[in-house]
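Undergrad: Below is one structure. I have some questions about it.
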Amino acid sequence: MSTPTPAAPSIHRRAVITWLAVYPTITIVLGLLGPTTAHLPLLLRTLILTVIVVPIAAYVLIPLLMKANAAVARR
């Protein structure tokens, strides 16, 4: 017998999971790169920030948080 797959989290829970991945990552990257990129135009600073943050959040943090959420949901 196979283990039943838990239902996908609600859109509200997915939003919280995404926020938990994105907010700290943006804060850390801004803290590290802010002084270095302060002289650059806003659009370029935003581009640099998103090029770093989006892959970290999408490929590492959100999958980890989704697995943690599934583990909690199984209890």
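Undergrad: Take residue 24 and decide whether it is in a helix (DSSP H, G or I) and modelled with pLDDT under 95.
TA: Criteria not met by residue 24.
Undergrad: Does residue 51 meet the test of being surrounded by 12 or more Cβ atoms within 10 Å (Cβ to Cβ) and either in contact with a strand residue (DSSP E or B) (Cβ under 6 Å, 6 or more places away or on another chain) or assigned to a helix (DSSP H, G or I) (or both)?
TA: no
Undergrad: Return yes or no: is residue 70 open to solvent by less than 50 Å² (accessible area, probe 1.4 Å), part of a helix (DSSP H, G or I) and out of contact with any Lys or Arg (no Cβ under 7 Å at 6 or more places or on another chain)?
TA: Yes: the conditions hold for residue 70.
Undergrad: While we're on this one: I need every pair where a residue in the range 7-19 that is open to solvent by less than 60 Å² (accessible area, probe 1.4 Å) has its Cβ under 9 Å from the Cβ of a residue that is assigned to a loop (DSSP other than H, G, I, E, B), sequence separation at least 6 or different chains.
TA: Listed pairs, sorted by first residue: 17/9.
Undergrad: Shifting gears a bit: Scanning for something open to solvent by 60 Å² or more (accessible area, probe 1.4 Å), free of Cβ contacts under 8 Å to residues at least 40 places away in the same chain and over 22 Å from residue 8 (Cβ atoms), does the range 60-67 turn up at least one residue?
TA: Scanning the range 60-67 turns up no residue that is open to solvent by 60 Å² or more (accessible area, probe 1.4 Å), free of Cβ contacts under 8 Å to residues at least 40 places away in the same chain and over 22 Å from residue 8 (Cβ atoms).
The values are calculated or read from the model by the stated rules, or taken from the named source; none is laboratory data. The shown structure was predicted, so the numbers you read here are calculated from the model rather than taken from an experiment. In this analysis, Cβ positions are derived from the backbone assuming ideal geometry, glycine residues included, and neighbour counts consider all displayed protein chains. Each accessible area value is taken on the protein alone, full model and side chains, heavy atoms only, with ligands, DNA and RNA left out. Shrake-Rupley method; radii C 1.70, N 1.55, O 1.52, S 1.80 Å.
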